[in-house]
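Taking it in order: structure first as structure tokens, then the write-up.
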Amino acid sequence: MEQAELRAWEHKCIQEETPWCTAACPIHVDAREFCSLMAQRRWDKAWALLARTMPLPGVLARMCGGTCESACIRAQAGGAVGVSRLERFCADNSTHLPPPRPLPSRNKSVAVMGGGMTGLCAAWEMARRGFDVTLLCDAVGVGLRDLPDTVLPAGVLDREIASLRAMGVVIETGVQLSRSLIESLLEEKDAVFIDGNTVSEAGMLGEPDELTLGTRLAGLFASPADNAPPEFQAAAARRAANSVERFTQGVSMVSGRELEGPYQTRLFTSLTTVEPVAPVQGSSGWSEADARDEARRCLQCECMECVNVCEYLKHYKQYPKVYARRIYNNASIVMGTRQANTMINSCMLCGLCQAVCPEDFSMADLCLEARRSMVELGTMPPSTHEFALRDMAFANGDSCALARHAPAEDSSDYLFFPGCQLTASDPDGVHAAYADLRARLGRVGLMLRCCGAPAHWAGRQSLADQSLSILKGEWEQLGSPRIIAACPTCLKTLRQWLPDAEIVSHWSALRAMGLPGGARADGGTLTVGDPCSARHDTMLREDVRTLLDRLGVDTVEPELNGELAQCCGFGGLLAEANPELGQAVAQRRADELTKDFVTYCVMCRDRIARMGKRALHLYDLLYPGDGEPGSRPAPGYSDRRENRTRLCERLLRELWNTDQAEAEPHEAVQVAFTDEAARLMENRRILRSDVQKVLYHATRTGAQFVHDETDRLLASWRPSTVAYWVEYEPQNDGFMVHRAWCHRMRVRGGQS
Amino acid sequence: MSVIRVPEADAAGWRCAACDEPLVMRPVELEYLDALFNVELPTCPQCNRVFISEELALGKMHQVEQLLEDK
Ligand code: SF4
Ligand code: SF4
Ligand code: SF4
Ligand SMILES: [Zn+2]
């Protein structure tokens with residue numbers, strides 16, 4: 001990723017944008033954080049926050065007109081948060097703080113003329129920044145002196161004036177402005193500022209520039225005589241201080257000043273789940289509980305739309321803007337640990353984030369791109385996707401894959417493509433489905449293989465292309481028939497990479513053809529879960545609902561479904577890269593179910609079933625076996641492989657009178673597993689065939705360890721990149737396996 | 001290269017079945033992704049077969065493998 005691309009990604013995620021209140025506030029008080037502290041009754045902390053941003057906080061906090069409230073989006077749910085009233089409450093109920101400590105002196109002197117709100121604020125702002133400030137005025141606190149106690153309690157103003165002095169401001173009163181005074185001050189000082197609201201003679205200087213408050217005289221700045229509300233006067237003072245700083249530093253007076261004063265924010269905050277709450281009444285005499293309740297009405301505005309719906313984004317505790325930077329940094333590491341590898345490989349590539357994001361941010365695109373470049377640069381951890389890619393190779397190998405016309409036919413009108421996972425989970429269903437399609441549509445060929453999605457998800461584009469070109473070649477050999485695909489991921493993948501093919505879903509076909517003969521019609525009420533791969537396929541989702549309706553199923557829709565469908569944790573190979581998170585994802589989806597689950601993606605079905613829920617694939621209703629639908633187990637990795645092989649063998653034998661290629665010698669080894677061993681193997685991605693290979697070699701070579709007490713044997717074998725260890729004992733004609741483990745590290749000198 | 005000792009490598013109770021020999025601790029070279037380690041592991045003194053315990057494989061060894069993969 002180039003730096004410019006990173007910037008573009010970062011810009012796209014608006015989570016860090018300023019909330020409406022702060023953007024609208026002329027001096028950008030962090031009202032969101034202020035409300036958060038007030039809601040926790042941390043009055044002193046809240047006051048410290050105000051005093052950090054406000055000049056003359058004791059005065060301004062009580063006099064602010066509440067400009068932010070006109071922008072507050074709580075207005076759409078009961079009424080704007082009363083930030084200005086909260087500020088007054090805070091000023092009245094917190095401990096007074098000493099004035100801020102000015103920055104070290106810049107050895108630059110500024111004269112501020114006028115003792116009204118703007119002049120006092122300007123003196124404050126400039127003193128804070130380390131200017132030597134002289135305040136020249138007729139009288140200090142013009143317009144602030146005679147206010148009733150309810151507005152400005154006695155003593156507050158004088159305390160802030162004392163603070164000004166403590167910050168080093170020299171105050172001279174009884175001074176009258178004149179042309180010659182300005183001229184001599186300009187000679188003597190580095191800059192001069194005139195408070196246009198207090199010093200009426202300022203008018204003779206003409207209107208100051210809107211952006212810089214500069215006048216026709218270099219070094220002379222003035223605020224307009226507009227009698228604006230106090231917060232705008234404070235903003236003018238800050239603008240003047242910024243200009244004086246730029247002027248005395250000799251840098252550009254105009255560049256990068258867009259965020260001074262009120263501006264528009266790009267933030268998005270959803271109000272869909274926000275209950276309206278009316279503001280706390282009254283403006284004075286609030287109790288602490290009143291203030292807290294009003295502050296609690298603040299929505300703590302932020303976006304987080306994607307994080308709220310994605311367990312993966314939530315897991316890493318931040319949001320896409322931060323992730324984009326982490327991914328960028330990860331790629332720039334030359335020496336050292338790449339901390340973000342697992343994060344990059346844990347995205348399910350499901351597209352839900354983009355669907356909910358107001359700015360269309362696609363974490364999937366970001367992560368897939370990152371994976372591809374890791375593969376290209378050779379920095380992709382070899383173990384992450386190896387098991388899944390081996391499984392894909394197996395599904396495409398001789399024992400599982402086939403591409404044929406229907407028996408006794410030499411052409412195909414259609415080609416049934418059930419997909420390698422449906423075949424792995426429900427071989428009988430696939431068998432029945434193929435029979436049904438042939439019976440009703442005639443010349444329907446069959447292709448058993450993987451669509452290539454795992455390679456695509458792993459960022460191995462060349463592997464995906466290679467697999468696809470074989471698939472394409474076989475499809476063309478069959479005469480490029482229309483493809484009937486059953487798996488939504490296959491549908492999506494094939495449509496993307498095989499644009500020449502006409503592809504329909506099995507569900508569309510069944511909708512047109514009518515239900516198959518043996519379909520069950522005792523549906524009941526089920527929660528219909530769309531898989532993430534059907535997110536952009538409205539037709540597919542409709543077809544499925546039509547079929548469910550015809551099956552007599554009443555459907556309940558989960559909250560996140562359809563275009564907002566969640567992934568089950570299989571997508572993007574999450575379950576391989578990060579098994580615990582994959583588990584949490586499936587658990588979350590299972591927990592949200594109110595009824596038994598029905599879906600049309602077999603991975604969703606199997607993963608939800610494994611969470612202990614009753615879960616059905618549509619095939620369980622359309623092409624049911626003998627058992628209770630939904631009771632079919634979710635097969636483990638070894639059984640999935642075996643299911644594919646058996647189905648392929650069975651079809652070849654039954655339909656094409658062909659015998660499968662010879663079995664490999666290790667397949668003859670008889671093995672049984674304790675429950676514990678079976679569990680360990682599933683978690684550690686150890687297959688039955690891996691164990692058979694170990695035992696086959698151990699019996700041939702005799703290379704084993706034996707345990708003195710248990711008499712159990714232990715042997716190891718490394719078929720390629722992983723060494724497998726098996727602890728076992730002989731039993732009847734074969735072996736009982738007690739434990740199995742594996743590692744990738746190799747003993748130098750050849751031991752497997 | 002200094003020899004690393006790991007308590008997880010323990011092979012208590014196991015002997016080489018082929019040679020009928022108890023295992024002894026010997027320095028063994030382990031390699032992964034261009035990294036080489038010298039580790040003391042239970043080994044058959046006769047046929048030099050190295051024993052890698054479940055605890056070692058899934059603990060220290062796995063950690064190091066992951067670390068090297070992220071380098
Ligand atoms: S939805 Fe997510 S990615 Fe999009 S702006 Fe909000 S936080 Fe950022
Ligand atoms: S709800 Fe709170 S954070 Fe949002 S705009 Fe209003 S005051 Fe600001
Ligand atoms: S898992 Fe899905 S929703 Fe979450 S970040 Fe990845 S693509 Fe987006
Ligand atoms: Zn030996």
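Label-to-label distance, A:Ser180 versus A:Glu502, with points set 7 angstrom from Cα along the beta-carbon direction: 9.9 nm. For chain A, the longest principal axis of the alpha carbon atoms and the long axis of helix A:538-550 meet at an angle near 60°. The packing ranking of peptides B:54-63, A:673-682, A:224-233, highest mean first, is A:224-233, B:54-63, A:673-682, where packing means the average number of other beta carbon atoms within 10 angstrom of each residue. Overall, the accessible surface of the stretch B:3-70 at a probe of 1.4 angstrom is composed of carbon and sulfur to the extent of 50 percent.
Taking amide H atoms as placed 1.01 Å from N in the peptide plane, the amide H of A:Leu616 lies under 5 Å from those of A:Phe597, A:Val598, A:Thr599, each 5 or more residues away in sequence or on another chain. Other protein chain C-beta atoms within 10 Å of residue C-beta, averaged over B:9-16: 4. Here the dipole of the stretch B:3-70 is about 340 debye; that uses its Cα centre as origin and unit charges on the Cβ of Lys and Arg (positive) and Asp and Glu (negative). Leaving ligands and nucleic acids aside, the B/A contact buries around 3100 square angstrom of accessible area in total at a 1.4 Å probe radius. Remark: the stretch A:228-322 carries 50 Å² of accessible area per residue (probe radius 1.4 Å; ligands, DNA and RNA excluded).
Among A:628-638, A:575-585, A:273-283, the peptide with the highest mean count of other Cβ atoms within 10 Å heads the list, and the full ranking is A:575-585, A:628-638, A:273-283.
What the phi angles of the stretch A:715-732 give under the Karplus curve with 6.51, -1.76 and 1.60, with θ = phi - 60°, is a coupling list of 9, 9, 7, 10, x, 8, 9, 10, 9, 10, 10, 10, 9, 8, 9, x, 8, 6 Hz, glycine and proline written as x.
Which percent of the accessible area of the stretch A:305-381 is formed by carbon and sulfur heavy atoms (probe 1.4 angstrom)?
Exposed carbon and sulfur together represent 49 percent of the surface.
Counting Cβ atoms of other protein chains within 10 Å of each residue's Cβ and taking the mean over peptide A:65-73 gives 0.
Orientation-averaged projection of chain A equals 44.0 nm² [convex hull of Cα atoms, one quarter of hull surface area]. Overall shape: prolate for the stretch A:109-249, with the ratio a/c of the largest to smallest alpha carbon gyration tensor axis at 1.5 or above and a/b above b/c.
Estimated from helical segments only, the mean residue ellipticity of the protein assembly as shown at 222 nm is -11500 deg cm²/dmol, where each DSSP H run of four or more residues counts as -39500 (n - 2.57). Here the dipole of chain A is about 1160 debye; that uses its Cα centre as origin and unit charges on the Cβ of Lys and Arg (positive) and Asp and Glu (negative).
Remark: for residue pairs A:Lys613/A:Lys693; A:Lys45/A:Lys317; A:Lys693/B:Lys60, the C-alpha separation exceeds 28 Å in A:Lys613/A:Lys693. Computed from Cα atoms, the angle from the helix A:579-591 axis to the main principal axis of chain A rounds to 90 degrees. Charged side chains reduced to their Cβ positions (Lys and Arg at +1, Asp and Glu at -1) give the stretch A:52-132 a dipole of some 220 debye around its Cα centre.
For the stretch A:568-669, just say rounded, prolate or oblate: build the C-alpha gyration tensor, square-root its eigenvalues into a ≥ b ≥ c, call rounded for a/c under 1.5, and beyond that prolate if a/b exceeds b/c, oblate if not.
oblate
Would you mind putting A:154-166, A:458-470, A:411-423 in packing order, based on average other-beta-carbon counts within 10 Å, highest first? Could the numbers behind the result be given before it?
Working: A:154-166: 16.0, A:458-470: 18.4, A:411-423: 24.0.
Packing proxy ranking, top to bottom: A:411-423, A:458-470, A:154-166.
Got a sec? Charge dipole of the stretch A:109-249, +1 on Cβ for Lys and Arg, -1 for Asp and Glu; which of A:Ala166, A:Asn197, A:Gly114 is way out at the positive end? Of the listed residues, the answer is A:Ala166.
DSSP assigns beta bridges within the protein assembly as shown; of those with both partners inside it, close to 50 percent run antiparallel. Pairing the Cα long axis of helix A:156-166 with the longest principal axis of chain A, what angle in degrees results, from 0 to 90 and rounded to the nearest 10? Helix A:156-166 sits at roughly 90 degrees to that axis. Counting only protein heavy atoms, probe 1.4 Å: which residues of the stretch A:714-752 lose 30 Å² or more of accessible surface in the full assembly compared with their chain by itself? Residues shielded by partner chains are A:Leu714, A:Trp725, A:Trp741, A:His743, A:Arg744, A:Met745, A:Arg746, A:Val747, A:Arg748, A:Gln751.
The values are calculated or read from the model by the stated rules, or taken from the named source; none is laboratory data. Note that the structure is a prediction, hence the values are computed from the model and not measured. Here Cβ is always computed from backbone atoms with ideal geometry, including for glycine, and neighbour counts include all displayed protein chains. To get the accessible areas, we keep the full protein, side chains included, count just its heavy atoms, and leave off ligands, DNA and RNA. Shrake-Rupley method; radii C 1.70, N 1.55, O 1.52, S 1.80 Å.
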